[in-house]
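Student: Take this structure, written in structure tokens, and hold onto it; I'll ask about it next.
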Amino acid sequence: MMSPTIRSAVFSMAALLLSACGGSSSSGDNTNTEPVMDTELPTASILFPRQQGLWSDRDTLLVRGTASDNQGVASVVVNGIEATSDNGFATWLAEIPVSYGVLTEIHVTVVDVNGNANEGAAASTVNSYAQNESYKFCGPLAFDPSRNSIYVFNPLTELNLNENTEARLESELEEVTGALFDTRSGQFLVIEKDNLLSLDKQFNSVKVISSAEDSDVSFRGYSQIAIDEATGSIYVLDDDHSNLIKVNPENGERNIIDSWKSEGDLSLGQHRPGFVIDSGRFFAIISDALIELNPLDWSGTELSGKNVGEGPSLRWLSGLSIDMVNGKAYVGNSYNELIEIDLNTGDRTLVSAANEEDPLNLSFRYLRNGFIDIGESIAINSCWSGQTFSIEKSSGSRFSISRPTRGTGTYFNSAEQLKFDGFNKRLLVLNEVTADPWSYPQFDTAVQQVLSVSPENGDRSIVTGPNTGEGDINAWFVDIAVDSRNGNIYATDMRSKSIIQIDPVSGNRRVLSSAEKGSGPGGADLGRAGLTVDESRNRLLLAGGVSGEPESLISVDLDTGDRSTLVTYGGADTVKWVSSSYIEVDDLSVYAYLVNYEGVILSVDLETGLRRIVSGDGVGAGPDFREISNVAVDRKNNRLLVEHYKERDRENPEYDGLLYEDLPIEMELLSIDLETGDRKSLLSFTQRKNERMIMTPAVDPQSGEIYLSLPNLSISVFDEKTGQYLTVSQ
């Protein structure tokens with residue numbers, strides 16, 4: 001007889017066997033259950049690019065996102081590329097190709113561990129354009145009247161005026177500094193790397209007319225090409241050395257013509273591109289006159305200028321066109337003016353001067369052979385606005401020819417300061433609207449405006465400026481700040497030596513504090529300082545030195561404009577203070593952070609006035625500071641983002657023979673940990689041709705999104721995890 005324990009074990013084993021074989025009890029009760037099926041699809045989201053239709057200047061894009069599933073994710077595929085992950089695809093990364101001029105659709109497919117596939121898990125789009133040598137449009141122009149097309153170089157782009165289209169052309173050309181379309185031969189002449197080349201209409205067949213290796217004479221700067229149709233000789237105006245060079249088209253021999261230099265006031269000025277041969281006559285511009293050169297002895301005759309003709313004075317000329325049919329010449333200048341000259345009398349008429357009235361900022365600060373006659377208009381290739389536009393000869397009206405990359409409205413000319421307006425959820429840009437503020441004759445006419453930029457669609461509009469808002473505007477703003485409680489904008493104005501308050505809706509301007517408005521220190525020199533809003537105390541904070549007074553941190557009451565000194569520095573202070581510092585306040589208004597140009601970041605306790613070095617001068621690890629300027633507080637990550645000018649790379653063999661001041665500028669975006677002072681480089685640039693270097697950061701305090709004002713005249717969003725930036729507005 002079996003024991004009860006053994007009997008129980010046998011019965012249990014039998015029950016298990018019956019269950020495995022699908023058996024049932026004698027009562028017919030079926031206890032079998034089917035396994036639960038997984039029918040839930042996995043999901044995904046794209047974290048970068050978050051927005052649709054941003055623009056990239058690279059040929060690949062790092063797409064970053066997340067994925068999840070109730071059972072687990074097996075794979076993520078983006079446009080056929082398998083994503084990588086080190087956490088089971090909770091976060092993932094995929095590098096996909098993008099092509100110039102093509103809207104790339106981004107499609108994310110997610111597959112879970114049970115084979116369920118979600119082919120439409122997430123989607124986005126990105127555009128792409130070639131990484132330019134400089135701004136989007138800047139440099140020589142050539143015009144083919146038979147196709148009614150303008151050709152822009154660096155990179156080579158066709159602007160078809162009939163079809164109103166813009167198309168990049170495939171070409172091996174690099175660093176084109178001079179260009180001309182020869183209507184007789186149907187060939188393009190270009191100067192590339194000091195070689196004079198001839199190319200067919202498709203830019204395929206290349207012939208070297210004159211090689212730099214075969215001559216001691218060099219084409220320097222942005223050289224202008226002209227052809228003497230009577231002899232077939234080619235002439236090049238070397239604007240860098242003010243040389244006129246004759247080129248033999250048969251053997252490429254170069255000969256300098258310089259006898260006209262002895263004519264004194266009629267010598268061709270340096271950096272004045274403007275040379276045309278028409279109907280056997282040689283025309284050129286100097287700084288303040290239109291002259292004609294006699295090809296027999298190269299003597300110069302003034303056709304219009306100080307001594308000939310009436311009308312607007314000629315000054316800082318740049319760009320020349322000749323219309324022999326109507327007996328007119330057209331010249332541009334550094335004041336953003338187009339002037340018509342009567343070739344018979346020398347009389348002058350102002351055709352267009354729209355720098356303070358043009359809502360699109362279609363202006364030109366300087367030209368790099370970007371001035372050409374296209375019939376009823378003059379085409380301008382503007383390094384200043386990064387656009388190609390036309391000026392109608394009859395009316396002076398300006399029309400954009402090139403297409404904006406992203407966003408509609410006013411174009412940037414400088415975009416030097418960038419702030420995030422939390423009240424209106426927009427970016428504010430300090431933009432320059434005059435032609436040439438860096439040349440002393442023009443400085444007194446330099447004016448700036450504040451632009452609004454939508455972070456979502458990139459649209460641009462003028463908040464305040466010469467043609468927007470009431471109140472005196474002769475401003476040279478140093479810094480701007482915005483109050484997130486109401487959107488009010490404040491600016492320090494160097495010219496009026498005051499603090500200006502700007503209405504965020506109307507753009508109206510009023511003086512908040514100056515020598516005549518408000519009491520306290522610094523009234524005579526308020527316009528030189530950086531500023532920020534201390535919202536919890538309803539005041540502005542100004543950083544920087546004031547003439548004749550100790551360097552200090554100044555408070556300005558937002559209601560009265562009264563000023564008071566919070567902290568004064570000097571004497572035996574061990575931390576050097578430098579005027580015109582940039583300043584920001586932390587989220588709780590406990591500390592103000594000030595950037596010292598010479599490489600120290602300071603914090604000031606707003607309750608006690610105590611200060612300390614946050615980073616630099618032995619505090620914190622990472623790259624040494626050289627020259628730091630614009631700063632933004634990233635409250636979500638407890639850090640500062642700082643624009644940093646690095647030392648120029650003297651050791652790079654690529655720059656052998658260049659003077660120090662001609663070396664490309666190195667610039668980077670630094671992250672500064674507010675706890676440790678450690679510094680980390682997030683993004684860096686080496687200056688490209690014609691670029692005005694800038695990398696101003698701004699941060700959306702709610703989302704933590706980082707925006708940058710970049711050298712290619714764009715506002716871009718920066719993704720730290722991938723190290724990429726994409727253009728939001730340009």
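What follows draws every value from the coordinates through simple rules; no lab data is involved. The model shown is predicted, which means the values in this text are computed figures rather than measured ones. Neighbour counts run over all protein chains shown; Cβ positions are idealised from the backbone, glycine included.
Student: Once you place label points 7 Å from the Cα toward the Cβ at Val619 and Ser506, how far apart are they in nm?
Tutor: 4.4
Student: At 7 Å along Cα-to-Cβ for each site, give me the label-to-label distance between Lys193 and Asp649 in nm.
Tutor: It works out to 1.8 nm between the two label points.
Student: Okay, moving on. I'd like the FRET efficiency for Asp587 and Leu350, computed as 1/(1 + (r/R0)^6) with the beta carbon distance as r and R0 of 45 Å, rounded to 0.05.
Tutor: 0.30
Student: Using the eigenvalues of the Cα gyration tensor, what equivalent ellipsoid semi-axes result for segment 314-407 when each is taken as the square root of five times the eigenvalue, whole Å, largest first?
Tutor: Rounded to whole Å, the semi-axes are 22, 13, 12.
Student: Okay, next question. Do you know the relative contact order of segment 43-128, to the nearest whole percent, from alpha carbon pairs under 8 angstrom that are 6+ apart?
Tutor: Rounded, it is 37 percent for segment 43-128.
Student: Okay, next question. How much length is gained on full extension from Ile256 to Ser564, taking 0.36 nm per residue of separation minus their Cα-Cα distance?
Tutor: 104.4 nm
Student: Enumerate the whole-percent occupancy of each 10 Å bin, from 0 to the last occupied one, for all C-alpha pair distances of segment 43-128.
Tutor: For segment 43-128, the binned pair fractions read 19, 53, 23, 5, 0 percent.
Student: Please give the length that would be gained between Arg403 and Lys201 if that part of the chain were fully extended, namely 0.36 nm times their separation in residues minus their C-alpha to C-alpha distance (nm, one decimal).
Tutor: 70.4 nm
Student: If you don't mind, another one. Are any of the pairs Lys193/Lys689; Lys193/Lys246; Lys646/Lys689; Lys246/Lys689; Lys306/Lys328; Lys328/Lys393 more than 21 Å apart by Cα-Cα distance, and if so, which?
Tutor: Listed pairs above 21 Å: Lys246/Lys689.
Student: While we're here: Using 0.36 nm times the number of residues separating Glu229 and Arg281, minus their current alpha carbon distance, what extension gain do you get?
Tutor: Working: separation 52, 0.36 × 52 = 18.72 nm, distance 1.02 nm.
Full-extension gain reported as 17.7 nm.
Student: In what sequence do Ile291, Ile81 fall when counting other Cβ within 10 Å, fewest first?
Tutor: Ordered from fewest to most neighbouring Cβ atoms within 10 Å, Ile291, Ile81 come out as Ile81, Ile291.
Student: Test of understanding: ordering Thr722, Thr727, Thr676 by Cβ neighbours within 10 Å, fewest first, what list do you get?
Tutor: Lowest count first: Thr676, Thr722, Thr727.
Student: Given a Förster distance of 45 Å, report the FRET efficiency between Thr608 and Asn87 from their Cβ-Cβ distance, rounded to the nearest 0.05.
Tutor: Between Thr608 and Asn87 the formula returns 0.50.
Student: Also, quick follow-up: Could you state the number of Å between the C-alpha centres of segment 366-381 and segment 707-730?
Tutor: About 30 Å separates the Cα centre of segment 707-730 from the one of segment 366-381.
Student: Now for a separate question. Let's test this: bin the Cα-Cα distances of segment 269-376 at 5 Å from zero up to the farthest pair and state each bin's percent.
Tutor: Cα pair-distance distribution for segment 269-376, in percent: 2, 12, 24, 26, 20, 10, 4, 1, 1, 0.
Student: Only loop residues by DSSP count here, and only those with at most 15 other Cβ atoms within 10 Å; note down the GluC sites (Glu not before Pro) in segment 164-218 that meet that.
Tutor: Taking segment 164-218 and a limit of 15 other Cβ atoms within 10 Å, the loop GluC sites (Glu not before Pro) found are Glu170, Glu172, Glu174, Glu175.
Student: Something else about it: Would you mind computing, in nm to one decimal, how far apart the modelled labels at Ala123 and Glu174 are, each placed 7 Å from Cα along Cα→Cβ?
Tutor: Each label point lies 7 Å from its Cα, and together they span 4.0 nm.
Student: Mind sorting Thr532, Thr91, Thr39, Thr231 by how few other Cβ atoms lie within 10 Å of their own Cβ, fewest first?
Tutor: Going from least to most buried by this count: Thr39, Thr231, Thr91, Thr532.
Student: Determine, from the Cβ-Cβ distance of Asp662 and Ser45 and an R0 of 60 Å, the FRET efficiency 1/(1 + (r/R0)^6), rounded to the nearest 0.05.
Tutor: After rounding, the FRET efficiency stands at 0.80.
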